Amino acid sequence: MVQSPKNTNVSAMFDRLAPEYDRMNNIISLGTHRHWRRKVMQKIHFSQRDDILDVATGTADWALALAASSSRQSRVEGLDFSGEMLAVGQQKINASSYKNKIQLTQGDAMALPYGDNQFDIVTIGFGLRNLPDPKRGLAEIYRVLKTGGQLVILETSQPQNRFIKPFWQLYIRKIVPNFGRVFANGKHQEYRYLDETTEAFMDFKALDHLLAQVGFIERKTFSFNLGAARAYYGIKD
């Protein structure tokens, strides 16, 4: 696994967050992140046998959902650069009925350890904004997808409504770091970093333009919670 210094620092931060990560996701999203994922999954086209990759799989929630929704012959690979996050995910997989269907790998999203044209579906949930070079990460996803393969992104976004945005900024800047202080053993600095990456990440028009530059076609996007999160779809040309 080859990582830049920034990547290494972020990996260490996620290692520290791993024990409380699932609980904090529920708290920060007010329980809506599962609903977002279910809605996103409804627009994925599964076939009789898919090779599926979940990049930035974290604690493997999306990998497990993909395993549950795909055919018995399909296989799911989950990749993340945090060993501690993967350890939590592996525990969940071991307790599920999909332990023979899901394989977890520690690796770098900007240098995917897979061959060209290997996967039918690649997903990445709330991980693109943490990459030092999102375009390089998307190019790697494009490389490992088969021609006609599907890319599915679920990512935080910024509300466009000028009346909603100030309340969103207050929540991101002030309330969420305090959740980290109270509910995650004082890890407010880590959650402040996550909030900063959310606020600084490109808007949906810029990300759609980036997807076009990389080569994805038939691109679609839609938002959740008045723009607080957004799903993106693309096909490898």
Separation of the Thr147 and Met13 label points, Cα + 7 Å toward Cβ, nm = 4.1
Extent of the stretch 52-171 along each principal axis, from alpha carbon coordinates, in Å, largest to smallest?
-> 48, 33, 26
Between Ala111 and Arg162, how many nm apart are label points set 7 Å from Cα along the C-beta direction?
-> 4.7
Once Lys and Arg get +1 and Asp and Glu get -1 on their Cβ, which of Gln103, Leu53, Ser69 lies farthest toward the positive end of the dipole of the stretch 16-115?
-> Ser69
Under 10 Å, Cβ to Cβ, from Gln150 - net charge with Lys/Arg +1 and Asp/Glu -1 | 0
Assuming R0 = 22 Å, can you tell me the calculated FRET efficiency for the pair Ala200 and Asn25, based on Cβ-Cβ distance, to the nearest 0.05?
-> 0.65
Label point at His35 placed 7 Å out along Cα→Cβ; residues across the stretch 198-225 whose backbone nitrogen lies under 13 Å | 224-225
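Every number in this text was worked out from the coordinates using simple rules, so none of it is lab data. All values reported here derive from a predicted model rather than from experimental measurement. We place every Cβ from the backbone using ideal geometry, glycine too, and count neighbours over all the protein chains shown.
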